[in-house]
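Here the structure is laid out as structure tokens; the discussion comes afterwards.
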Ligand SMILES: Nc1ncnc2c1ncn2[C@@H]1O[C@H](COP(=O)(O)OP(=O)(O)OP(=O)(O)O)[C@@H](O)[C@H]1O
Ligand SMILES: [Mg+2]
């Protein structure tokens with residue numbers, strides 16, 4: 001019996017969304033859409049609000065205005081455990097695993113909403129995808145290398161066979177080779193199998209290579225968006241991301 | 001050697017108490033300084049059941065139940081509302097201190113200042129390995145061992161225990177994995193409160209005579225044992241309690257029982273100075 005690691009994707013979209021901390025908006029007027037089988041990326045300078053936007057999508061940060069929907073359901077300000085139930089898997093930029101728990105326990109928590117009897121098969125399927133994890137099942141997550149840790153973080157969300165994967169800088173602090181492998185093999189792979197992937201990425205070049213559409217965030221707003229091949233020819237984009245910087249923080 | 005035997009009981013009871021205290025801190029971020037007053041209140045409920053004809057061991061269940069419910073209610077109606085306001089963490093500590101005073105002296109106002117004791121004979125004496133333990137003390141030791149084993153099993157092997165540890169490590173991520181964090185926290189208070197009630201009641205049984213303020217300085221032992229093992233580490237708590245329990249009883253035998261808390265406090269200061277994350281904790285525990 002084979003266990004599918006992801007469900008057919010769902011459309012994740014926002015309309016005129018604004019969100020932030022303590023009632024103060026960090027991102028405003030964001031309308032984006034991510035659809036099945038595609039990798040949609042978000043790039044932008046440090047502090048431009050990329051993580052805040054993702055957190056607002058998954059119910060970690062409060063939406064102040066506008067809406068978020070997945071598969072046609074309004075999920076605006078839904079508690080994040082409900083968002084998880086609807087098939088949205090979120091891997092945060094930091095604090096993406098439970099350090100004192102073993103690799104196996106991390107995966108079990110990932111499958112918390114499953115029936116007990118389903119868990120072993122799902123763990124086997126996840127480990128099949130990330131074979132590196134196989135030898136470390138009883139090691140504490142806090143003792144993994146950066147790359148292993150990211151695989152575990154992704155493995156944790158795959159336990160629920162999500163329809164939508166929301167990934168916040170999965171390649172941060174990874175060696176270039178590992179980063180490339182992670183993006184091209186795994187992240188692109190999820191989309192190729194039909195999932196919806198929304199990816200925040202610092203490495204603009206690598207992000208463009210695997211994306212179907214890219215949004216550029218600056219100062220909490222979408223300042224530019226387009227297909228990677230068009231962005232690569234856009235002087236503003238080239239100057240900001242592949243050269244100097246003129247996109248506001 | 002007899003102080004070693006007595007130290008073993010002290011350590012076993014302290015272990016139960018510290019595990020509950022540490023759980024509250026780890027899973028819910030509350031340093032519950034009112035713990036001692038919940039212990040003594042539980043002991044008194046148990047005592048009143050006992051004097052009204054219930055056997056000591058059945059009344060113990062009443063003490064456990066009291067600790068559980070009172071702790072749950074403290075969290076639900078006092079600590080959580082304060083935490084929700086996003087005040088500095090020290091606020092909740094001060095609130096807990098206030099609850100402790102109200103709990104202790106409120107109890108004293110009700111039951112008076114006199115000493116009481118359970119209607120339970122200590123049972124016959126048993127000698128082994130040079131230690132002298134009463135039948136009562138052997139039962140207490142057995143209860144402690146079973147309960148600690150049970151706590152270990154829950155934390156390590158059950159869905160609830162894993163959810164508790166996950167919540168403790170990273171509540172946002174736990175929530176995001178579908179864990180109902182609020183429910184896990186409530187359950188943690190029920191369980192840790194039961195440990196608190198159990199510890200308070202067996203402590204009172206073991207001491208023989210006790211009064212409303214008997215557990216007032218117990219918080220020092222709890223803090224010392226918790227920091228020795230590493231804040232938020234249940235296994236560290238067991239180890240810390242064993243060390244502090246034996247150290248205080250043995251030193252009490254050589255100097256004076258009055259210095260028990262002083263010894264524990266010195267151990268606490270030493271730990272905070274040299275290894276604030278405890279023997280079992282990692283530097284990131286805080
Ligand atoms: N918990 C918080 N409370 C208040 N302000 C915050 C919080 N987290 C982030 N911010 C602020 O929100 C702004 C956007 O931060 P965010 O983390 O979304 O940026 P980012 O684009 O993800 O940056 P990076 O590329 O460095 O990850 C920053 O100015 C940051 O200081
Ligand atoms: Mg970020």
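Does a label point 7 Å from the Cα of residue B:266, set along Cα-to-beta-carbon, have any residues of region B:199-227 with amide nitrogen under 20 Å, and which are they?
B:217-227, by backbone N distance to the label point.
Which FRET efficiency, nearest 0.05, do residue B:274 and residue B:73 yield, Cβ-Cβ r, R0 22 Å?
With R0 = 22 Å, the Cβ-Cβ based efficiency is 0.05.
Taking one equal scatterer on every alpha-carbon of the protein assembly as shown, how large is log10 of I(q)/I(0) by Debye at q = 0.11 1/Å?
-0.95
What's the center-to-center distance, using Cα atoms, between region B:71-97 and region B:128-205 in Å?
21 Å
In nanometres, what is the gap between the two model label sites at residue B:128 and residue A:236, each 7 Å from Cα along Cα-to-Cβ?
Result: 8.2 nm between the two label points.
So, how do all the Cα-to-Cα distances of region B:2-216 break down into 5 Å bins, in percent, from 0 on up?
P(r) over region B:2-216, rounded to whole percents: 1, 7, 14, 18, 18, 15, 12, 8, 4, 2, 1, 0.
Cut-off is 10 Å between beta-carbons; in what order do B:152, B:52 appear when sorted fewest neighbours first?
Details: B:152 15, B:52 8.
Arranged by neighbour count, lowest to highest, B:152, B:52 become B:52, B:152.
Give me a single rounded figure for A:112-120: the average over its residues of other chain Cβ atoms within 10 Å of their Cβ. Mind showing how you got there, number by number?
Details: counts 9, 3, 1, 0, 1, 0, 0, 1, 0.
Taking all residues of A:112-120 together, the mean is 2.
Over the whole of B:161-167, what's the average partner chain Cβ count within 10 Å per residue? Rounded to a whole number, please. Can you show the working numbers first?
On the way: counts 1, 8, 3, 0, 5, 9, 2.
Mean partner-chain Cβ count within 10 Å for B:161-167: 4.
Considering region A:1-58, what Rg and Dmax in Å follow from its alpha-carbon atoms?
When restricted to the Cα atoms of region A:1-58, Rg and Dmax are 14.4, 50 Å.
Let me know the shape class of region B:1-105, please: from the alpha-carbon gyration tensor, a ≥ b ≥ c as square roots of the eigenvalues, rounded when a/c is under 1.5, otherwise prolate if a/b is greater than b/c, or oblate. Walk me through the numbers on the way to the answer.
Values: a/c = 2.48, a/b = 1.51, b/c = 1.64.
In terms of gyration-tensor shape, oblate.
What's the extension gain from residue B:156 to residue B:51 if we count 0.36 nm per residue and subtract their Cα-Cα distance? Working shown, then result.
On the way: separation 105, 0.36 × 105 = 37.80 nm, distance 3.89 nm.
Going from the current span to full extension adds 33.9 nm.
Applying 1/(1 + (r/R0)^6) with R0 = 41 Å to the Cβ-Cβ distance of residue B:172 and residue B:102, what FRET efficiency is obtained, to the nearest 0.05?
Working: r = 34 Å, r/R0 = 0.82.
Here the calculated transfer efficiency is 0.75.
Based on Cα coordinates alone, diagonalise the gyration tensor for region B:92-151, multiply each eigenvalue by 5, take square roots, and list the semi-axes in whole Å, largest first.
On the way: eigenvalues 225, 78, 19 Å².
The answer is 34, 20, 10 Å, longest axis first.
Inverting the mean 1/r over all pairs of different Cα atoms, compute the Kirkwood radius of region B:12-67 and quote it in Å. Could you put the intermediate results ahead of the total?
Values: mean 1/r = 0.0833 Å⁻¹.
Over region B:12-67, the inverse of the mean reciprocal pair distance is 12.0 Å.
Between B:169, B:194, B:212, find the one with the highest GNM mean-square fluctuation for chain B; connect C-alpha pairs within less than 10 Å.
It is B:169.
How far is helix A:146-158 tilted, in degrees, relative to the longest principal axis of the Cα atoms in chain A, given as a value from 0 to 90 rounded to the nearest 10?
80 degrees
For a bin width of 10 Å, list the pair-distance distribution of region A:95-134 built from all Cα-Cα distances, rounded to whole %.
Spelled out per bin, shortest first, that is 30, 55, 15.
I'd like the FRET efficiency for residue A:31 and residue A:86, computed as 1/(1 + (r/R0)^6) with the beta carbon distance as r and R0 of 30 Å, rounded to 0.05.
Working: r = 20 Å, r/R0 = 0.68.
Efficiency, from the Cβ-Cβ distance: 0.90.
For region A:10-68 and region A:116-165, what is the centre-to-centre distance using only Cα atoms, to the nearest Å?
The distance from the Cα centre of region A:10-68 to that of region A:116-165 comes to 26 Å.
Between region B:207-251 and region A:188-203, what is the separation of their alpha carbon centroids in Å?
Spelled out, the Cα-based centre of one part sits 52 Å from the other.
Counting other C-beta atoms within 10 Å, which of B:144, B:196 has the fewest, and how do the rest follow?
Working: B:144 23, B:196 35.
In increasing order of surrounding Cβ atoms, one gets B:144, B:196.
So, in nm, how far is label residue A:138 from label residue A:116 when the simple model puts each one 7 Å beyond its Cα toward the Cβ?
2.2 nm
Run lengths n ≥ 4 of DSSP H only: what is the helix-derived mean residue ellipticity at 222 nm for chain A, with -39500 (n - 2.57) per run over all residues, to the nearest 500?
Working: 10 runs with 75 residues, N = 249.
Taken over chain A, the calculation gives -8000 deg cm²/dmol.
With 10 angstrom as the radius, rank A:196, B:158, B:66 by how many other C-beta atoms surround their C-beta, starting from the fewest.
On the way: A:196 30, B:158 11, B:66 24.
Final ranking by Cβ density, sparse to dense: B:158, B:66, A:196.
Quick check on region A:43-136: what does the Kirkwood estimate of hydrodynamic radius come out to from the alpha carbon pairs, in Å?
Numbers: mean 1/r = 0.0651 Å⁻¹.
After inverting the pairwise mean of 1/r, the radius is 15.4 Å.
Only the coordinates and a few stated rules stand behind these numbers; no lab work does. The structure presented is a predicted model; accordingly, all values stated were derived computationally and were not measured. Neighbour counts are summed over all protein chains in view; Cβ atoms, including those assigned to glycine, are modelled from backbone coordinates with ideal geometry.
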